[in-house]
Amino acid sequence: MSTTIERNTSTVSEGHPEHPQRKWQDYFGFSTDHKVIGIQYLTTAFFFYFIGGALAEVMRTELSTPDPDLVQPEFYNQLLTMHGTIMLFLWIIPAGAAFANYLIPLMIGAEDMAFPRLNAVAFWMIPPGGILLMSSFFNGAPQAGWTSYPPLSLVSGKSGEEIWILSILILGTSSILGAINFVTTILLMRMPDMDIHSMPLFCWSMLATSGLILLGTPVLAAALILLSFDLIAGTAFFNPVGGGDPIVYQHMFWFYSHPAVYIMILPFFGAISEILPVHARKPIFGYRAIAYSSLAISFLGLIVWAHHMFSSGTPGWLRMFFMATTMIIAVPTGIKVFSWCATIWGGKLSLNSAFIFAVGFVASFLIGGLSGVMLAAVPFDIHVHDTYFIVAHFHYVLFGGSVFGLFAAVYHWFPKMSGRMVNETWGRIHFIMTFVGFNITFLPMHQLGLQGMNRRIALYDPQFQTLNTICTIGSYILALSTFPFIINIVWSLLKGEKATRNPWKALTLEWQTTSPPIIENFEEEPVLWAGPYDYGIDTESIDGDEDVEDMLAAITAEGS
Amino acid sequence: MQGSTVDSQSQIAIAAEQSAAEHHGHPDYRMIGLYVFLVSDSMTFIGFFAALLIYRAIVPVWPPEGTPELELLIPIINTSILVASSFVMHRGQTALKNNDVKGLQTWFGITAAMGALFLAGQAYEYFHAEFGLTTNLFASCFYVLTGFHGLHVLTGVLLIFAVLWRSRQPGHYSSNSHFGVEAAEIYWHFVDVIWLVLFVLVYLIN
């Protein structure tokens, strides 16, 4: 609504088009501009990241000694439940939605999302959901882990559990509304020249992500509604005492929550596919392979859920099926990893913050992916089930994967979002501290898991203390690594060098507009004069009269 | 390259002209959005149905011993009311396509009444059932599934009321501006189809 008013008052003085700028107040209100909503998602996600991180630091401090001496075991259970829930539902998923909101319309040359108001509604469900979840701390936070398996979740504090259910329902609805927007926008609002095979890979990955959100999240909602009835009305859907079956909950829960793993990683697969070619100055290797492998991961992601339940009495033949499908997922994922490696192979690399985070992503995610294949094997899974090996595995995927990808995306698109460059030195310090801290924290956990240290328990056998101390030291390095990041971002926002419209000389459409983009995204209809990844053909001339280098120079000149 | 650029620009200009008159500067995609939402919503029901089918498969006696026979008369009447209402509602939309707003109001009014009748039948069934929410697993499934569907019927009735309310304003709906009418109708058909599946799973295959 404010958009239309401001658009009408926009004035064009001769030679220098003036465009109304966003005011800071816009970022705190119900704005329907996808760029504002994207920033709102991102800052909200970071806010919860710091809370979730603080909870993790308390847990790691507690675990530096074998005895529960810092916090009570009950409080430790609350910490681990809240840490998991916040990091998944209030950090990674909204952060993916942040980039999707900000980038999709710009990348496909659209003015906004298909349903701007619905988009704003989707965002504004996140703060209430998050605050509701945090409020449970005053009333006995949930203690049953982010999985909330019954019957544990039915007997470990009613109010905290119900608050947890309600906030997940709110956040899930938000996620579904966002996905409706992404699908419609990507499929129907591309600029006329852009067919589906010339759109950036980030859009492909968001298409795959949205499909999973739309098909998976409602099933989680169904499971949580039934769990609520068990909790409050005294039914026995999942309560063995009344004839119910907790395994049914596990099936419904993982039908969403395994795809949710891909909901959390696919957006960053997409971001990496954008970042690597730009900073390696090479075309993406295997555009269609990467695009279709996202869809393949989505499809396979829907039929692997019971690999979380190998030790829940799943019959043998079913175990075999889920073991096979799980291992097959390594194929499309491997296609991506090889394509990324082939993309940067022999490229003209600029080792800036975005690029090194992207490479860090590929490396750490590879480790997480490989331990995932190990876990798919039933005998091995049963051996390490519910040990720190699992904790190591999913932190390599979610931190080493998603979070590294997220930081790469922040550094890559920061100039576009803020109109300022980041400080590369501080960015590199941030990367080194994060990478070192991350590996010191989570690498020893593989060993701990193989030795049989149980997860989700505040006390442990004294023989594990040395490795746990190392993990705790690593987690402190990780905590410290956020400071270079925060300082860098705040400093760059205030004093950073002004960014031109295309500081990376990238070819996707978001770089054709000003930094930050004007409210209506593009001054005039954007023009597709190259594919999204036609790098490295700079010296070849196109049609004999104008080459890409000249075009880029022209674009840069326009912007500065 | 140059030629194609000019080409594309003229195409864009034409497209921009065409879309200027349309919703938010781009064609109206709200129906597509609704379809995507309904796909998602149907997954909620599929989740519930799957739970019911798993219980059927793993509980030794289904429905558990001591569950009274379900009375079928009212549900069958209810089913016919709901199925018939879909056709009634479609006549309303057809009337609007001929710019007959009075016809739209009449047929949609009847549909809302039929929806209300369905809900009344459901309430009657609840009050006269010989089991409560927590009697056993089947009873719980019965109430949660029919209740969740009932909420959808209620939403559908409210959507019809919204359409009727808006249609009082002359010219709000016409043969070429009928998103609200169409959306309410598609939603109603969706709820109708879900009921048919639910009726088979809950009432018939016990």
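Values quoted throughout were computed directly from the atomic coordinates according to the rules given, and no laboratory measurement underlies them. Note that the structure is predicted; figures quoted are calculated from it, not measured. Cβ coordinates were reconstructed from backbone atoms using ideal geometry, including for glycine residues, and neighbour counts include every protein chain displayed.
For region A:111-245, compute Rh as the Kirkwood radius over C-alpha pairs and then the Stokes-Einstein diffusion coefficient at 25 °C and 0.890 mPa s; write the answer in µm²/s, rounded to an integer. Roughly 146 µm²/s, to the nearest whole number.
Annotation: the residues A:T466, A:T65, B:T44, sorted from fewest to most other C-beta atoms within 10 Å of their own C-beta, follow the order A:T466, A:T65, B:T44. So what's the angle, to the nearest 10 degrees on a 0 to 90 scale, between helix A:465-495 and the longest Cα principal axis of chain A? Long axis of A:465-495 versus the principal axis of chain A: about 30 degrees. If eta is 1.002 mPa s and T is 20 °C, what Stokes-Einstein diffusion coefficient results for region A:357-503, Kirkwood Rh from Cα pairs, in µm²/s? Once the numbers are plugged in, D ends up at 129 µm²/s. Dividing the Cα radius of gyration of region A:106-158 by 2.2 N^0.38 Å, with N the residue count, gives 1.80. Across the options A:M433, A:S350, A:W529, the greatest Cα extent toward the positive end of the charge dipole of region A:38-559 (unit charges at beta carbon of Lys, Arg, Asp, Glu) belongs to A:M433.
According to the calculation over all Cα-Cα pairs in region A:234-329, the P(r) per 5 Å bin from zero is 3, 12, 17, 17, 14, 12, 9, 7, 5, 3, 2, 1, 0 %.
If only the Cβ of Lys and Arg carry +1 and only the Cβ of Asp and Glu carry -1, the dipole of region B:43-142 around its Cα centre is close to 540 debye. Rg/Rh for region A:464-544 stands at 1.25; both radii use Cα atoms, and Rh follows the Kirkwood definition.
The mean sequence separation of alpha-carbon pairs under 8 Å and at least six residues apart, normalised by the residue count of chain A, gives a relative contact order of 16 percent. Volume per residue of the convex hull around the Cα atoms, evaluated for chain A, comes out as 145 Å³.
Farthest towards the positive end of the charge dipole of region B:28-204, among the residues B:V157, B:S175, B:G92, is the Cα of B:S175, using unit charges on the Cβ of Lys, Arg, Asp and Glu.
Estimated from the Cβ-Cβ distance and a Förster radius of 25 angstrom, the FRET efficiency linking A:V373 and B:I54 is about 0.30. The angle between the Cα long axis of helix B:137-167 and the longest principal axis of the Cα atoms of chain B comes to about 30 degrees, rounded to the nearest 10.
Rounded to the nearest 500, the helix-only mean residue ellipticity at 222 nm of chain A stands at -21500 deg cm²/dmol, with each DSSP H run of n ≥ 4 adding -39,500 (n - 2.57). Taken along its principal axes, the alpha carbon cloud of region A:210-276 reaches lengths of 55, 16, 15 Å, longest axis first. For A:N181, the shell of other residues with beta-carbons less than 11 Å away shows a net charge of 0, using +1 for Lys and Arg and -1 for Asp and Glu.
Here A:C203, B:C141 are placed in order of increasing Cβ neighbour count within 10 Å, fewest first, which gives B:C141, A:C203. Across region A:387-462 the C-alpha pair distances fall into 10 Å bins from zero in the proportions 18, 37, 24, 15, 6, 0 percent. Provide the net charge surrounding B:I110, with neighbours chosen by a C-beta distance below 14 Å and charges set as Lys +1, Arg +1, Asp -1, Glu -1. Every neighbour counted, the sum reads +1. Across region A:283-338, the mean sequence separation of Cα contacts (distance under 8 Å, 6 or more residues apart), normalised by length, yields a relative contact order of 49 percent. For A:I518, no residue whose modelled amide H falls within less than 5 Å of its own remains once neighbours fewer than 5 places apart on the same chain are excluded. Taking only alpha carbon atoms, region B:98-168 gives an Rg to Rh ratio of 1.17, where Rh is the Kirkwood radius. Between helix B:73-97 and chain B, what is the angle of the helix's C-alpha long axis to the longest principal axis, kept within 0 to 90° and rounded to the nearest 10? Result, in degrees: 10.
For B:S86, the shell of other residues with beta-carbons less than 15 Å away shows a net charge of -2, using +1 for Lys and Arg and -1 for Asp and Glu.
Modelled this way, with points 7 Å down the Cα-to-C-beta line, the labels at A:K348 and A:Q451 are 5.1 nm from one another.
Histogrammed with a bin width of 10 Å, the alpha carbon distances of region A:325-415 distribute as 17, 41, 29, 12, 2 percent, first bin at zero.
Put simply, the convex hull of the Cα atoms in region B:20-147 casts, on average, a shadow of 10.8 nm².
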